[in-house]
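> Structure incoming, see below.
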Amino acid sequence: MKNTGAQTVTDASQNRSRSSPRTSSGGFSLAKLLLEGRAFLALIVIIIVFSMLSPYYFSLGNFLTMASHVAIFGILAAGMLLVILNGGIDLSVGSTLGLSGVIAGFLMQGVQLQTLGVVLFPPVWVVVVLVCVLGALVGLVNGVLIAWLKVPAFVATLGMLYVVRGAALLMTNGLTYNDLGGKPELGNTGFDWLGFNRLFGVPIGVLVMAVIAIIGSIILNRTAFGRWLYASGGNERAAELSGVPVKKVQVAVYMLSGICASVAGLILSSELTSAGPTAGNSYELTAIAAVVIGGAALTGGRGNIRGTLVGAFVIGFLSDGLVIIGVSAYWQTVFTGAVIVLAVLLNAIQYRRRVRLPSPIAGSSTSPQQGKARTADPAHEKIAG
């Protein structure tokens, strides 16, 4: 039980290697290359097809506009990826997005203190901090239910979906907060900066998504937490035996997912300059779809930020392209659903093709913990089978 660091690194490296095309054995295979790069190839095909169908699609201005739409899904998907890497699921992110917007709208409209007879108008940075804390609290509740009380992730987050959505409806009585621009004399202006401003011509929402992606990539690839996450997602029992704080990792990923949902809610309500309790409805499904299209395994332990963002762009560019060429909203749902089903099918094919990890070289020793990890890894056995 000592040497926990080395074993954890080994488990994490093995899990990452399963989702990395560079570590596949054998020579060059075009089919393997196409399978592992399918999300990027799908994005290229979407751009080419819609550019041929509409003269307005292929332009820098349109790409930036579509990217600002993708930013909402991309930020949600980045948080969802962490949860799925851990072998869980978070169905509450769409509702958390909606409640975050409602809380922001409530604060921007002014907080009435009836006992003192005053109305407080908090500055925008206070609103942002409070809303992010709210998202972390929702994630904390999810994490505690799942990690400590052993409630299945699907059930816990589904319950929180209704609780959070209901709280948003109760706060607003089903109505929408409008005109969130604020007033200069009250000192609460600047909320629309997230949704409308650009830096070097790039929408702020896209830059926020890029920053979150960079931070997420560093966490997953350069920190002990990332190694713990891959290890616990690949085989929770083996990771726990290796000294990984599995419960703390579970709580942390749900908190990070909640914070990402709150950031997405702030950007969406800023873009709309309004906040409604039904905002973000079914966005959790879009986030899961982006993660799956990006190549992550729903069983946990496999996936990366890069693929997830490409998956978000595939969904966003496809949806906006269908709107531009005038396809019915009903057919848009059909096409999006077909893409998701195809992505899941290709994921199953990809991970079924993975062979069992090579046996130790003759003469090398295998620790008892490594033996446990191999025999107790259900995800690995599925792949080998």
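The values are calculated or read from the model by the stated rules, or taken from the named source; none is laboratory data. Because the structure is predicted, anything quoted here is derived from the model rather than measured. Here the Cβ positions follow ideal geometry from the backbone for every residue, glycine too, while neighbour counts run over all protein chains shown. Only protein heavy atoms, including side chains, enter the accessible area calculation; ligands, DNA and RNA are left aside. Shrake-Rupley method; radii C 1.70, N 1.55, O 1.52, S 1.80 Å.
> Please work out the FRET efficiency for the pair Glu240 and Leu116, using the Cβ-Cβ distance as r and a Förster radius of 51 Å; give the result to the nearest 0.05.
Working from the Cβ atoms, E equals 0.50.
> Provide the FRET efficiency to the nearest 0.05 for the Asn197-Leu33 pair, computing r from the beta carbons and using R0 = 41 Å.
About 0.55, to the nearest 0.05.
> Turning to a different aspect of this structure: Fully extended, how many nm does the chain gain between Val129 and Leu285 (0.36 nm per residue separation, minus their Cα-Cα distance)?
53.5 nm
> Going by average Cβ density within 10 Å per residue, which order do the peptides 293-302, 158-167, 127-136 take, highest to lowest?
Sorting 293-302, 158-167, 127-136 by mean packing, highest first, produces 293-302, 127-136, 158-167.
> Still on this model: Out of the total accessible area of the range 138-291 (probe 1.4 Å, heavy atoms of protein only), what percent is carbon and sulfur?
66
> Val45 to Tyr330: FRET efficiency via 1/(1 + (r/R0)^6), r the Cβ-Cβ distance, R0 35 Å, to the nearest 0.05?
Working from the Cβ atoms, E equals 0.95.
> Then there's this: Just the number, please: Stokes-Einstein D of the range 170-324 in µm²/s, Kirkwood Rh from C-alpha pairs, 20 °C, 1.002 mPa s.
This corresponds to a translational diffusion coefficient of 119 µm²/s.
> So how much slack lies between Ser59 and Phe106, counting 0.36 nm per residue of separation and subtracting their Cα-Cα distance, in nm?
That pair, Ser59 and Phe106, stretches by 13.1 nm at full extension.
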